[in-house]
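The values are calculated or read from the model by the stated rules, or taken from the named source; none is laboratory data. Here the structure is a predicted model, which means the values were calculated and not measured. Cβ sites come from the backbone with ideal geometry, for glycine too, and all protein chains shown count toward neighbours.
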Amino acid sequence: MATESSVMALIRAYRPRFRNAHDKIPFALNASFLAAGYVLTATGNRAFAASPPSEEEVGIDGWNELDDCYGFIYKKAGGGSKKFIIVKCLVMGENLVIDAMCHGEEKREPINLQINVNDFVSDEASSSTNYEKIYKNFPSLVDCLQSGILDKLENTVKRDSASASR
């Protein structure tokens, strides 16, 4: 489970450079996935590639290389699961639309969350390195990402595991 302190600790550890206000939400989402025990296997262009996801862990290089969209692929750490989570974010005005789903599940609908960036990003300059000050309502952002994306994915993965074991 991602907590406010674990997500902020990861943001500080990676020390990302933000190009704009929208960059801040996908990076907090990425930190939330990592804090929840997922392993990052692709970012940016590689996350949008049609080829099967890699099982190799990668760094954050290229996470914000595309304009107005962000892509990430994760797998759950440990347990030997072959399931991948594909996350794509699209900038639409002041909103960031987030879609996430398990790779290879044709009948599953993506989990969708829409976030108004202005609700969670302060007016601090994008180049600020005081990460606590560049976000506002940070606990609410982490809770929103946890309940809106991560909890729903966990329920999907648990349901699928239970079905497979029957």
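A few comments on the model shown:
- Residue count, the stretch 1-53 (criterion: of a type in the set (Gly, Ala, Ser), under 15 Å from the mean Cα position of the chain (by Cα) and farther than 21 Å from residue 66 by Cβ): 5
- Scanning the stretch 56-75 for residues that are without any contact (Cβ under 8 Å) to a residue 40 or more places away in the chain and of a type in the set (Val, Ile, Thr) gives 58, 73.
- Residue count for the stretch 100-118 under the criterion of being at pLDDT 95 or above and within 16 Å of residue 53 (Cβ to Cβ): the result is 1.
- Among strands (runs of 3 or more DSSP E) entirely within the stretch 38-122, having at least 3 residues that are among the aromatic types (Phe, Trp, Tyr) and surrounded by 19 or more Cβ atoms within 10 Å (Cβ to Cβ) singles out 69-76.
- Filtered by the rule that a residue be among the β-branched types (Val, Ile, Thr) and either crowded, with 21+ Cβ neighbours inside 10 Å or in a helix (DSSP H, G or I) (or both), the stretch 2-36 gives 7, 11, 25.
- Neighbours by Cβ (under 6 Å, 6+ apart or cross-chain): first from the stretch 15-28, on the phi < 0 side of the Ramachandran plot and acidic (Asp, Glu); second outside any helix (DSSP H, G or I) and at pLDDT 95 or above: 23/64
Per-residue answers, yes or no, for (1) within 28 Å of residue 136 (Cα to Cα); (2) in contact with a His (Cβ under 6 Å, 6 or more places away or on another chain):
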site: 17; (1), (2): yes, no
site: 24; (1), (2): yes, no
site: 33; (1), (2): yes, no
site: 38; (1), (2): yes, no
site: 41; (1), (2): no, no
site: 55; (1), (2): no, no
site: 62; (1), (2): yes, no
site: 68; (1), (2): yes, no
site: 84; (1), (2): no, yes
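- Verdict on residue 3 being touching a residue at least 12 places away in the same chain (Cβ under 8 Å) and under 18 Å from residue 147 (Cβ atoms): yes
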